[in-house]
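Worksheet: one structure, shown below.
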Amino acid sequence: MNRFKKQIASYWQQTGTVIRNEFRTIFTDGGVMLILIFALLIYATVYSLAYGTQVLRNVPIGVVDECRTPTSRSLVEAFNSGPNTYVAYEPGSMEEARQLFYNREIYGVVYIPSNYERNLYGGEQADVAIYCDASYFLMYRQTFQELVTTIGNTGAMVEFQRLIAKGANLPQAQATVQPVIYQSHNLFNPYLGYGTFVMPAIIMVIIQQTMLIGIGMIGGTWREFGLYRKLCPPGRRQMSTLPIVLGRGLIYAIIYAVTCTYIFGLHYRLFHFPMNGAPWAVFIFISIYVVACIAMGIAVSTLFRYRENSLLLLLWTSIPVLMLSGVSFPREGFPEWLYAFGKIFPSSHGVNGFIRLQTMGATLPEVFAEIKWLIVLTVVYGGLACIGTHQAIRQEQRERNR
């Protein structure tokens, strides 16, 4: 029993030493502070400001009107009346419109032929050509949707007037022109804002990546300056593994508890992101996610001999990790092996679970699958962190005995 108490006391002493050293290392290293503390705040603010308008408006288009009649003129004015597009140019020919398009001065071209009015009122089908820039999907969607809707409404109005002229009453004409009336309800993102869609995922990925890089830098510092040996308490030949992992993990948990409280409390309110989840459920989920990221970060940090290695090896992973989280393209559309590979990152489960909780208002039982995976990753990466730390201590000891 006395031996057990001594072991616990030794672990407690070593954990306290590790906490003090880790705290001192972080807050005396400008690079580590920038990554671990300020990067999350800076990135979240910059991205939120960039996506602050939420919806793309006033995309410039060009209209080539060869009909030049009041009817075609009203169609051009209709393109200007919508919030998504405005007629920036009315070129005299398609060649001129093509040049404006290639110069990126306009992102869509509408061609109204000379027989537009004659066909429209003569009972024939009137053709209007639309050319949209599909190289940028968000720009394409706004332009195409606005132009097609405007042309469809114009056609429906002409048909309505034609039926009235033939003697149909208003209800009959309305039912013929629009036989089905639909009601659209945009759930969870009512204004179809891009920031509301992408920012929750970006923030979760930033938490993971800043943690990996920052912890990796400190892990390289431990190896580079032999801190495993220097922190060994009197009377012991080497540091124990568990106090190192727990002590380091506790410091990172405290730091990210502060930054995440700001992000998911004040920052979300400042930029009006949806907060539909129960606060306690979001807190529990974020806590589990942060612990999984810390375990992964400590495990990966044991691989680096120098602090610069983490920047060189981890910085390039940010874009692939964001892609594997399912933001840029649904994960179900990935090849099966790539979908399975993405499961090794906490962000893949964290993004999905957090969006369902905070944006869609799900409950904890409804994201149990994501929580289960995060707990599994915590155990796996925690074990790897202990193994990697033990190997680093032994290697440092061998180098010292040479």
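The values are calculated or read from the model by the stated rules, or taken from the named source; none is laboratory data. As the structure is a computational prediction, the values presented were derived from the model and not from experiment. Every residue, glycine as well, gets a Cβ built from its backbone with ideal geometry; the counts of neighbours run over all protein chains shown. With ligands, DNA and RNA removed, areas are computed over all heavy atoms of the protein, side chains included. Shrake-Rupley method; radii C 1.70, N 1.55, O 1.52, S 1.80 Å.
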Cβ-Cβ under 7 Å pairs, at least 6 apart or on other chains, region 78-92 side under 10 Å from Thr150 (Cβ atoms), far side assigned to a loop (DSSP other than H, G, I, E, B): Asn84/Arg57
Residue within region 285-301 that is in contact (Cβ under 8 Å) with a residue 60 or more places away in the chain, in contact with a Lys or Arg (Cβ under 7 Å, 6 or more places away or on another chain) and of a type outside the set (Val, Ile, Thr) present: no
Test: Thr15 is at pLDDT 90 or above and of a type in the set (S, T, N, Q): no
Qualifying positions in region 289-318 - within 16 Å of Cys260 (Cβ to Cβ) and either in contact with a strand residue (DSSP E or B) (Cβ under 6 Å, 6 or more places away or on another chain) or open to solvent by 40 Å² or more (accessible area, probe 1.4 Å) (or both): Val291
Any hit, region 166-174, residues being within 26 Å of Pro83 (Cβ to Cβ) and open to solvent by 10 Å² or more (accessible area, probe 1.4 Å): yes
Total residues in region 325-349, condition closer than 25 Å to Gly220 by Cβ and not β-branched (Val, Ile, Thr): 3
Residues located in region 58-86, provided they are touching a helix residue (DSSP H, G or I) at 6+ places or on another chain (Cβ under 8 Å), over 23 Å from Tyr121 (Cβ atoms) and part of a strand (DSSP E or B): Val59, Ile61, Gly62, Thr85, Tyr86
Test: residue in region 189-196 that is polar (S, T, N, Q), free of Cβ contacts under 8 Å to residues at least 24 places away in the same chain and outside any helix (DSSP H, G or I): no
Condition broken by Tyr339, with the remaining ones in (1) modelled with pLDDT of 80 or more; (2) open to solvent by 100 Å² or more (accessible area, probe 1.4 Å); (3) under 18 Å from Val205 (Cα atoms) satisfied: (2)
Test set (1) of a type in the set (Phe, Trp, Tyr); (2) surrounded by fewer than 16 Cβ atoms within 10 Å (Cβ to Cβ); (3) touching a Phe, Trp or Tyr at 6+ places or on another chain (Cβ under 6 Å) - Tyr51 fails condition number: (2)
Qualifying position, being small (Gly, Ala, Ser) and not in a helix (DSSP H, G or I), among Gly277, Gly247: Gly277
The listed residue being open to solvent by 50 Å² or more (accessible area, probe 1.4 Å), aromatic (Phe, Trp, Tyr), within 30 Å of Leu163 (Cβ to Cβ) and at pLDDT 90 or above, out of Tyr131, Tyr111, Tyr121, Tyr102: Tyr111
Where a residue in region 317-341 is of a type in the set (Lys, Arg) and its partner, wherever it lies, is in a loop (DSSP other than H, G, I, E, B), with Cβ under 6 Å and at least six apart: none
Checking Ile355 against (1) assigned to a helix (DSSP H, G or I); (2) modelled with pLDDT under 90; (3) open to solvent by 30 Å² or more (accessible area, probe 1.4 Å), the condition it does not meet: (2)
Residues of region 83-95 satisfying the condition of being open to solvent by 10 Å² or more (accessible area, probe 1.4 Å) and either closer than 17 Å to Ala134 by Cα or out of contact with any strand residue (DSSP E or B) (no Cβ under 8 Å at 6 or more places or on another chain) (or both): Pro83, Asn84, Glu95
One residue from Arg229, Arg141, Arg162 being closer than 30 Å to Arg20 by Cα, open to solvent by 50 Å² or more (accessible area, probe 1.4 Å) and outside any loop (DSSP other than H, G, I, E, B): Arg229
Conditions (1) within 30 Å of Leu357 (Cβ to Cβ); (2) in contact (Cβ under 8 Å) with a residue 60 or more places away in the chain; (3) open to solvent by 60 Å² or more (accessible area, probe 1.4 Å); number of the one not met by Asn153: (1)
Any hit, region 116-131, residues being in contact (Cβ under 8 Å) with a residue 24 or more places away in the chain and within 35 Å of the chain's Cα centre (by Cα): yes
Lone unmet requirement of (1) among the aliphatic types (A, V, I, L, M); (2) in a helix (DSSP H, G or I); (3) modelled with pLDDT under 85 for Val55: (2)
The listed residue being of a type in the set (Val, Ile, Thr), in a helix (DSSP H, G or I) and within 30 Å of Phe197 (Cβ to Cβ), out of Ile35, Ile26: Ile35
